[in-house]
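Before any comments, here is the structure.
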Amino acid sequence: MNKKTRLMFLAFAVLAILSGCEPLTVLDPKGPQAQTLSNTIILSIITMAFILIVVYVLLAFMLTKYRASKTPADYEPPHDEGSLALEITWTAIPILIVTFLAIVTVKSTYSVETTPEGYENSEPLVIYASSSNWKWHFSYPEEGIETVNYVNLPTDRPIEFKLYSFGPITSFWIPQLAGQKYAMSDMLTTIHLAADEVGSYMGRNSNFNGRGFAEMEFEAQTLTQADFDQWVSDVKAKEKPLTKEKFEELLEAEHVGRSSYSSTHLEFSPPPMEHSEMTDADGEMDHSNMDHENMDHSNKSH
């Protein structure tokens, strides 16, 4: 088998493998924020593909038109001084391309950093997503429940994830619902998202931060509001409260399975924010202060 045949065989093998692959999850959005990011990625790919096509067409034209040919021994090529118009053109075009992509990127970034379009008048569901080696803790202060390594979300309602970490920096990412953002130990960051349809989507830590990061995955399941309310009721009725001792045990463990609790760790281990906003005069957790406005205020204060 000669070299050309081997290369053709390899190319067909790669195409056969790729034909059976699932589509990239970032290009299969299931929510408005993910849709915005997907559109931006596709637009960038189309722009770059158009540039490549133009460059290759010009390259083929130049190679054909100005290819070496037999000339007399005394042939002397003409001396050209250059073209000001061409120099301006090939300088301006890259500037215009970069400016266009920069505007699109800034606009889409601003869009995904706010409440999803169409949900401005809806009350968001606030979930505290905290990471530890190598797991995710999801606290629902409004519902008074907590889960480990899985999170359930209602559809057609804005969601605000408040992110922080009990260990090294991690990156929270559900590709089909939103972009990624860092979770750190000394501040809160926020991801806005919404889910358009019922389904199960894989989330992960996309920041390399140690030997267990590859296994730091979780399931984000979206449910109808009625099913979500039923699930919350079931957790409250059937699961045990999360005690301080149990939570410390979870933090110490490197890998654990899924679990649910009928209370949250926020009651004895508040997130990194102003303590006065999280507690009342007696030092107890004040759930009335954990509404959307106070969370935004505490986020800005950091």
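The values are calculated or read from the model by the stated rules, or taken from the named source; none is laboratory data. Keep in mind that what you see is a predicted model, and the values were worked out from it rather than measured. Note: ideal-geometry Cβ built from the backbone for every residue, glycine included; neighbour counts use all protein chains shown. In case anyone asks, the SASA skips ligands and DNA or RNA and just uses the protein heavy atoms, side chains included. Shrake-Rupley method; radii C 1.70, N 1.55, O 1.52, S 1.80 Å.
Collect the residues in segment 245-267 that are assigned to a loop (DSSP other than H, G, I, E, B) and open to solvent by 70 Å² or more (accessible area, probe 1.4 Å), keeping them in residue-number order. Quick ask: steps written out before the conclusion?
Taking segment 245-267 first, the residues assigned to a loop (DSSP other than H, G, I, E, B) are 253-258, 262-264.
Within segment 245-267, Glu254, His255, Arg258 qualify.
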What number of residues in segment 138-159 are in contact with a His (Cβ under 7 Å, 6 or more places away or on another chain) and not β-branched (Val, Ile, Thr)? 4
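Of a type outside the set (A, V, I, L, M) and under 17 Å from the mean Cα position of the chain (by Cα): which single residue out of Pro154, Pro124, Pro168, Pro158 fits that description? Talk me through it step by step, then tell me what you get.
On the way: Pro154 fails: under 17 Å from the mean Cα position of the chain (by Cα); Pro124 fails: under 17 Å from the mean Cα position of the chain (by Cα); Pro168 fails: under 17 Å from the mean Cα position of the chain (by Cα).
Exactly one of Pro154, Pro124, Pro168, Pro158 is of a type outside the set (A, V, I, L, M) and under 17 Å from the mean Cα position of the chain (by Cα), namely Pro158.
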Selected residue (criterion: least open to solvent (accessible area, probe 1.4 Å)) from residues of segment 196-244 that are out of contact with any Leu (no Cβ under 7 Å at 6 or more places or on another chain), part of a loop (DSSP other than H, G, I, E, B) and closer than 16 Å to Leu125 by Cβ: Thr224
Counted residues, segment 1-50 - those being at pLDDT 95 or above, open to solvent by 50 Å² or more (accessible area, probe 1.4 Å) and hydroxyl-bearing (Ser, Thr, Tyr): 0
